[in-house]
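The values are calculated or read from the model by the stated rules, or taken from the named source; none is laboratory data. Small disclaimer: the values here were computed from a predicted structure and weren't measured. Every residue, glycine among them, receives a Cβ derived from its backbone with ideal geometry; neighbour counts consider all protein chains shown. Areas reflect the complete protein model, heavy atoms only, side chains present, ligands, DNA and RNA absent. Shrake-Rupley method; radii C 1.70, N 1.55, O 1.52, S 1.80 Å.
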Amino acid sequence: MNRNSFGIIIGFTFILGLFLACGNKPKNGQAAYDYEAAASFFTADESFFPILDEELEVYQALHAQGELRAEYTSQEEAMRKLMNNETWLAFTTRDFTAKELQNLKDRKFLPRTIPIAYDGLAIIVNNQNPDTMITVKDFARILSGEAQLWRDIYPNSRLDSIDVVFDNPKSSTVRYCVDSILGGKPINSHNIGAVLKSSEVIDYVENHKNAIGIIGSNWLNDKRDTTNVTFKKEITVMKVSKLDSATVSNSWRPYQGYLYNGNYPLVRTIYALLNEPRSGVPSGFAHFCRLPKGQLIIFKAGLLPIQGNINVREVTVSEE
């Protein structure tokens, strides 16, 4: 039997952005070598792999001024490489700290921050789990270790221990949970683990009925659905409520429209952090992600672009 739920289709009109400056290479010698080595790649939290790989493919097809490759790692490692001048560009879910900015300025750099998109942090469970709605408060109880069994949240649950899985112990997902959900307190679940990649979170949850995973929503879109209202069928994306009790009327999945209107509570900003001393390829790529073609890629991937006029209408989505 089919169940109907409300999804969102978004109409999107772009606003013109910035024009890119031509890249100027530094002088020859060791400084030039160091610059070119750092300008040959960017770093990014691994949870952004789907969207940034697509951005990079289109960017390099349109621009021939230099090759650029991606290195996907943890957010912590991406920031370390940026601060050590091993790369000039990092994609993260946080801005520079005041201490980092001062450090770079003291070394005569000009750090820049370019917000490019909003991403929903999705909570996923096994398809055999009948409980598909959760409050932010109860999710915090799971992360803090207060709720260790499924029946601590859902009294009628027949499942046992809550098995929490993250993409990487140093990822942007972990940082978001600590900073925005636990208010700076550490994650203290007794049944917590981390894999190495976001795709492995999906695989783990698919094969473990007690599992609950936390993952960037750009990993979950069904590419066959151009309306961006269908998630992968292998797992269940939970509906999340910001209120104390989760109901059908106050709980939402991380669709674009619910990121846009504020209904979905777990939203983070994706930033391009630049420290390039020249306007070269890294700067060009970072700005491309903010320009109309780059924002269209973000839109089609199911994330919420940072720029553009948004038109939202509700549609009925059939779920089997």
Hey, does segment 150-173 have a residue that's part of a helix (DSSP H, G or I), modelled with pLDDT under 95 and not aromatic (Phe, Trp, Tyr)? yes
Pairs with Cβ under 8 Å, 6+ apart, first in segment 29-54 and under 23 Å from residue 295 (Cβ atoms) and surrounded by fewer than 22 Cβ atoms within 10 Å (Cβ to Cβ), second of a type in the set (Gly, Ala, Ser) and modelled with pLDDT under 90: 49/198; 50/301; 54/301
Here is a check on your reading of the model: is residue 262 assigned to a loop (DSSP other than H, G, I, E, B) and either surrounded by fewer than 20 Cβ atoms within 10 Å (Cβ to Cβ) or touching a helix residue (DSSP H, G or I) at 6+ places or on another chain (Cβ under 6 Å) (or both)? yes
Flag if residue 250 is free of Cβ contacts under 8 Å to residues at least 12 places away in the same chain and touching a Leu at 6+ places or on another chain (Cβ under 9 Å): yes
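Would you tally the residues in segment 202-219 being open to solvent by less than 10 Å² (accessible area, probe 1.4 Å) and either in a loop (DSSP other than H, G, I, E, B) or small (Gly, Ala, Ser) (or both)?
4
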Per the filter on segment 157-170, residues touching a helix residue (DSSP H, G or I) at 6+ places or on another chain (Cβ under 6 Å) and open to solvent by less than 70 Å² (accessible area, probe 1.4 Å) are 157, 159, 162, 165, 166, 167
Within segment 3-18, can one find any residue that is open to solvent by less than 30 Å² (accessible area, probe 1.4 Å), under 16 Å from the mean Cα position of the chain (by Cα), modelled with pLDDT under 95 and under 28 Å from residue 201 (Cβ atoms)? no
Filter segment 127-147 down to residues that are in contact with a strand residue (DSSP E or B) (Cβ under 6 Å, 6 or more places away or on another chain) and of a type outside the set (Val, Ile, Thr) and give me whichever is surrounded by the fewest Cβ atoms within 10 Å (Cβ to Cβ). 127
Are any of the residues in segment 111-118 of a type in the set (Val, Ile, Thr), within 23 Å of residue 295 (Cβ to Cβ), open to solvent by 10 Å² or more (accessible area, probe 1.4 Å) and touching a strand residue (DSSP E or B) at 6+ places or on another chain (Cβ under 7 Å)? yes
Condition test on residue 195, is it more than 27 Å from residue 96 (Cα to Cα), touching a residue at least 24 places away in the same chain (Cβ under 8 Å), buried (at least 16 other Cβ atoms within 10 Å of the Cβ) and not polar (S, T, N, Q)? no
